[in-house]
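Peer 1: Quick one: the structure is below, and I'll ask about it shortly.
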Amino acid sequence: MASLDQKSPNVLLQSLCCRITGKSEAEVAHQFQYAVRVIGSNYAPTIERDEFLVSEKIKKEMLRQRREADAALFSELHRKLQTQGILKHRWSVLYLLLSLSEDPRKPSGRVGNYGALFAQALPRDAHSTPFYCTRPQSLALGYGERSAALSGSVGTSGISSLGVYTLNGPTPTPQSLLAGQPPQSAAAGTQSLGSRLAWTLPISSSPSTIMAPPTTRPSLCPQVPTTRAVRPHRDGDPASEVSEAALVRDILFVFQGIDGKFVKMNAQDNCYKIDNKVVVCKSLRDISSRLAELGWLHNKVRKYTDARTLDRAFGLVGQSFCASLHQELKEYYRLLSVLHSQLQVEDEQGVNMCTESSLTLRRLLVWMYDPKVRLKTLAALVDFCQGRKGGELASAVHAYGKTGDPQMRALVQHILSLVSHPILNFLYRWIYDGELEDTYHEFFVASDPNVKTDRLWHDKYSLRKSMIPSFITMDQARKVLLIGKSINFLHQVCHDRTPPGKITPASKPADTPKDAAELLSDLEGAFQEKIDAAYFDTSKYLLDVLNRNYLLLEHLQAMRRYLLLGQGDFIRHLMDLLKPELARPATTLYQHNLTGILETAVRATNAQFDNAEILKRLDVRLLEVSPGDTGWDVFSLDYHVDGPIATVFTRECMGHYLRVFNFLWRAKRMEYTLTDIWKGQMCNAKLLKTMPELSGVLHQCHILASEMVHFIHQMQYYITFEVLECLWDELWNKLQQAQDLDHIIAAHDVFLDTIISRCLLDNNSRSLLNQLRAIFDQIIEFQNAQDSLYRSALEELALRLQFEEKKQQREEEGEWGVTAEQEAAEKRRIQEFQETIPKMQSELRILTHFYQSIVQQFLVLLMTSPDESLRFLSFRLDFNEHYRAREPRLRASLGTTRGRRVSNI
Amino acid sequence: MASATNTNLNAVRETMDVLLEISRLLNTGLDMESLSICVRLCEQGINPEALSAVIKELRKASETLKVSENCPN
């Protein structure tokens, strides 16, 4: 036997041929040739080199033939064989015996079947026969070497067989089982699995390309999966390496954030990891930790949604964000369930583990790539949205939509459409119905419930800057605020009961998130158009209501006419009527008296043709009385405003109006006073001609008076034409162009503010105003001085006339015209009077001097004023350079301007 | 050395007996000598599948040979 062992395979084969055919060596030469070819060729290399499996198969075969006793006997014999350990290739022998075994029940057709098999196999391998014949020792080559030799020798022609080999060769799959499953069914299974997973995969990657990496993989390292996949089936030894299948199962749990058997949450590193104690191949460890990231991401998203779903204060926007996250998670769970069911199917198929359709970690890595990207996006969103709500949250989501990755953008867009849906709903409710249903303060329009209706327009509604979603521009947000505010204003202040639908042809609000998505995609177009349309319609309606029902423009004109003294005849008449009253101390004035006078003035002038609605509002108002005030100081006209127009004429506005009225009234009074002075001069000029000693004083008076008249005329001109009329024209133009109430209010505010500053009533020109007040005071003083002068002069004149009359009367009676005594008394009196004249003259001189110095100061201030119109005023006031000649400071500044002007010419 | 060879021989014989028994159980139709040749071939690393195919083919060939021999006779 030992000698036999040395024999080469060919010798053995020859003796075998002789033995079986029962012929001599020469006779079996032909058969021997065949045998060598078959053995030498790589015929049917598809067998498993696993003794256990072969023995199992034998037992199964026996059981199939209902030979249980024989099966038991075989197990006994097999065990014996194992203990002896003589044979090196036990599996090989067993396999040979198994292939040769015949069912004893049907022994007849046992030979005929193989003819075709032989005939098929031989031609294909014929070319290799000489190769193996000449080198028969190559038959003894090992498997690995042979497969390498094969792939080398077969080359391109053997690709298909190579594929078969690489697929089935190293697998532990029993031949029978593999044959029982038609290859196309396996492919179909793969395909269906592929299609079920398709939602996660790009369309371009068909199942075949997905399959490509796993199919080629075993050929690269055919040994590795075999041992890994099989071992746990044979022995569940925990200490040994963990199989890939077990890891796949684990990973599927980890995907849902559940700890697996081997892959567990590592609290320290905050990630899923395979336990360090578990023995596992490094590449598998690596892949599974990469896959396990999904679990971590899932947990993150899940934790966020779980925490927020029950938080009611999180608001509608937050809820819809959570809902959208849930939706995404649901899709993810659907994918996981598909994977699970695939795993289940594999379990039912038992050992059939590493076929094309089976789950491997690598395959999972490919399939889970897209879901991972999605989950990553979601997790990033969750991170970014932490602590945000409402419009802020929508902004955060919107910020994430600005990415170049179309898939990610689609995902974020989808979430954004869900998130912005409640915001758009708020918006539509607001701009179409004016209702604010924002329980959780998520909308960018805020309402202050403490504000009363009279301040509704100004204070009640405001923009929450942080809550403006970034896809809505500031301009749009302002318009939105204005639209709703207008509607509320109409309802609450104007008591306009028009149903909101009539104001704007309200398009239907966004009912579905899909609409919201459409709107979002067309923010510049449809959305802007919608807002603009609502804005125009609502504002226009509001202005119509204000103008038609509440006479807003008429009220503005009334302000101009009465408070800004635009209605000249009325003001003049009123002043005429009021003059005796107002000359009295302020404390003795009674409002009801003045109101009566006001009504008289209205009735007597063109004001009577004004709208009754406006005249009704006109009233007299007495300012606070301080000691020493006359009626002039405290009198003021007033205009009552209430209801909607009070929104334009706010309390501050009315305060401004009163201040301006006071100023204008004072200036008007100066004009009026100077007219009186002039009247006195004209009337008395002739009378006092008879008193030549007065001519000097009177001349002084005339000069001063005309100086004052010039000043006041220029002032009045400036106020009336350069300030009021210009500004009024500006305001009127703006009012005609105004699109909404805010424009009107703004224009009106600008109007008033400019008037205040041009009339020197603001803080910057306080010194100017003081000078002006001083000038006015000088005018009043001059009036008093001149009055007393005339009074004494007229008195003197009367006395003289009386004296002359008496003299004449006596002469007519034939008496002495005057006695010496009388004459002396008369002379003394005249003397006395003439002695007062220089006093008056000096008094006037002082007054003049004082007045002129004040005017000069005023002019200096005007020169340095930044306002151009005031500088022009100064030029006009000193047109003949009278003051410039006296005041060196004026000379300097005026000189420079003059010089410039000359040089310009 | 001789005893070692003997025990080895005994072991081989025992193994062969066991294999023969298995072969009988499986109804392979191999006698002791064919079996021993086959075992030796297998031990040299020959593909058992190929070997089984060869054996089957040889049997078929001898059978047809016998038939052809019988026919002219």
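Peer 1: Would it be correct to say that A:Val709 is closer than 30 Å to A:Phe489 by Cβ, among the hydrophobic types (A, V, I, L, M, F, W, C) and touching a residue at least 24 places away in the same chain (Cβ under 8 Å)?
Peer 2: Spelling it out, it is not the case that A:Val709 is closer than 30 Å to A:Phe489 by Cβ, among the hydrophobic types (A, V, I, L, M, F, W, C) and touching a residue at least 24 places away in the same chain (Cβ under 8 Å).
Peer 1: Let me ask another. Kindly indicate which of A:Asp438, A:Asp448, A:Asp454 is at pLDDT 85 or above and over 17 Å from A:Ala534 (Cα atoms).
Peer 2: Only one candidate passes the filter, namely A:Asp448.
Peer 1: So if I check each of A:Arg829, A:Arg871, which one is among the basic types (Lys, Arg) and under 30 Å from A:Ser757 (Cα atoms)?
Peer 2: Values: A:Arg829 fails: under 30 Å from A:Ser757 (Cα atoms).
Only one candidate qualifies: A:Arg871.
Peer 1: Residues to consider are A:His713, A:His748, A:His743; find the one that is open to solvent by less than 70 Å² (accessible area, probe 1.4 Å) and in the same structural domain as A:Asp878 (by the TED database). Break it down stepwise before answering.
Peer 2: Working: A:His713 fails: open to solvent by less than 70 Å² (accessible area, probe 1.4 Å); A:His743 fails: open to solvent by less than 70 Å² (accessible area, probe 1.4 Å).
That would be A:His748, the only listed residue that is open to solvent by less than 70 Å² (accessible area, probe 1.4 Å) and in the same structural domain as A:Asp878 (by the TED database).
Peer 1: Need the failing condition index for A:Pro627 against (1) assigned to a helix (DSSP H, G or I); (2) without any contact (Cβ under 8 Å) to a residue 12 or more places away in the chain, just the number.
Peer 2: (1)
Peer 1: Would you check which residues across segment A:606-625 are of a type in the set (Lys, Arg) and open to solvent by 60 Å² or more (accessible area, probe 1.4 Å) and list them?
Peer 2: A:Lys616, A:Arg621
Peer 1: If I ask for residues that are of a type in the set (Ser, Thr, Tyr) and at the interface with chain B (Cβ under 9 Å from one of its Cβ atoms), which ones from segment A:7-41 would you list? Full working, then the answer.
Peer 2: In the first step, residues of segment A:7-41 are kept if they are of a type in the set (Ser, Thr, Tyr); the result is A:8, A:15, A:21, A:24, A:34, A:41.
Across segment A:7-41, the qualifying residues are A:Ser8, A:Ser15, A:Thr21, A:Tyr34, A:Ser41.
Peer 1: Here's something else I'd like to know. Which numbered condition in (1) modelled with pLDDT under 70; (2) in a helix (DSSP H, G or I); (3) closer than 21 Å to B:Gly45 by Cβ is the only one that A:Phe118 fails?
Peer 2: Failed condition: (3).
Peer 1: With (1) under 24 Å from A:Arg621 (Cα atoms); (2) part of a helix (DSSP H, G or I); (3) touching a residue at least 24 places away in the same chain (Cβ under 8 Å) as the list, and A:Asp576 as the residue in question, which single condition is left unmet?
Peer 2: Answer for A:Asp576: the failing condition is (3).
Peer 1: Which residue out of A:Leu53, A:Leu87, A:Leu94, A:Leu63 is within 7 Å of chain B (Cβ to nearest Cβ) and either part of a helix (DSSP H, G or I) or free of Cβ contacts under 8 Å to residues at least 12 places away in the same chain (or both)?
Peer 2: Within the list A:Leu53, A:Leu87, A:Leu94, A:Leu63, the selection yields A:Leu87.
Peer 1: Among the candidates B:Ile55, B:Ile22, which residue alone is open to solvent by less than 10 Å² (accessible area, probe 1.4 Å), facing chain A (nearest Cβ under 7 Å) and under 25 Å from A:Val11 (Cβ atoms)?
Peer 2: B:Ile55
Peer 1: If you check B:Leu41, B:Leu9, B:Leu65, B:Leu30, which single one turns out to be surrounded by 13 or more Cβ atoms within 10 Å (Cβ to Cβ), at pLDDT 80 or above, of a type outside the set (Phe, Trp, Tyr) and not in a loop (DSSP other than H, G, I, E, B)?
Peer 2: B:Leu41
Peer 1: Okay, moving on. Give me the residue from segment A:378-391 that is surrounded by fewer than 22 Cβ atoms within 10 Å (Cβ to Cβ), at pLDDT 85 or above and of a type outside the set (Phe, Trp, Tyr) and, out of that set, farthest from the chain's Cα centre (by Cα).
Peer 2: Per the criteria, the residue is A:Ala379.
Peer 1: May I ask you to list pairs of residues, at least six apart or on different chains, whose Cβ atoms are under 9 Å apart, with the first in segment A:398-414 being open to solvent by 70 Å² or more (accessible area, probe 1.4 Å) and the second being part of a loop (DSSP other than H, G, I, E, B)?
Peer 2: A:Gln407/A:Pro202; A:Arg409/A:Gly401; A:Arg409/A:Lys402; A:Arg409/A:Thr403; A:Gln413/A:Gly401
Peer 1: Then there is this: Just checking, does segment A:671-691 include any residue being of a type in the set (S, T, N, Q), open to solvent by 70 Å² or more (accessible area, probe 1.4 Å) and in a helix (DSSP H, G or I)?
Peer 2: Among the residues of segment A:671-691, at least one is of a type in the set (S, T, N, Q), open to solvent by 70 Å² or more (accessible area, probe 1.4 Å) and in a helix (DSSP H, G or I), which makes the answer yes.
Peer 1: Only one of these conditions is not met by A:Asp544: (1) at pLDDT 85 or above; (2) in contact with a helix residue (DSSP H, G or I) (Cβ under 9 Å, 6 or more places away or on another chain); (3) of a type in the set (Asp, Glu). Which number is it?
Peer 2: Failed condition: (2).
Peer 1: So how many residues does segment A:428-481 have that are among the aliphatic types (A, V, I, L, M), within 20 Å of A:Gly643 (Cα to Cα) and in contact (Cβ under 8 Å) with a residue 60 or more places away in the chain?
Peer 2: Step one: of segment A:428-481, the residues among the aliphatic types (A, V, I, L, M) are A:431, A:436, A:445-446, A:451, A:456, A:463, A:467-468, A:472, A:474, A:477, A:480-481.
The next check asks that each one be within 20 Å of A:Gly643 (Cα to Cα); those that pass are A:451, A:456.
Those still in the list that are in contact (Cβ under 8 Å) with a residue 60 or more places away in the chain too: A:456.
Qualifying residue count for the region: 1.
Peer 1: Please find, within segment A:556-573, the residue that is nearest to the chain's Cα centre (by Cα) out of those that are surrounded by 19 or more Cβ atoms within 10 Å (Cβ to Cβ) and in a loop (DSSP other than H, G, I, E, B).
Peer 2: Across segment A:556-573, the extreme among qualifying residues is A:Leu564.
Peer 1: Here's something else I'd like to know. Right, A:Glu796: assigned to a loop (DSSP other than H, G, I, E, B) and among the charged types (D, E, K, R) or not?
Peer 2: no
The values are calculated or read from the model by the stated rules, or taken from the named source; none is laboratory data. Just so we're clear, the structure is a prediction, and the values are computed from it rather than from any experiment. All Cβ positions, even for glycine, are placed from backbone atoms using ideal geometry, and neighbour counts span all protein chains on display. All accessible areas refer to the heavy atoms of the entire protein, side chains included, with ligands and DNA or RNA removed. Shrake-Rupley method; radii C 1.70, N 1.55, O 1.52, S 1.80 Å.
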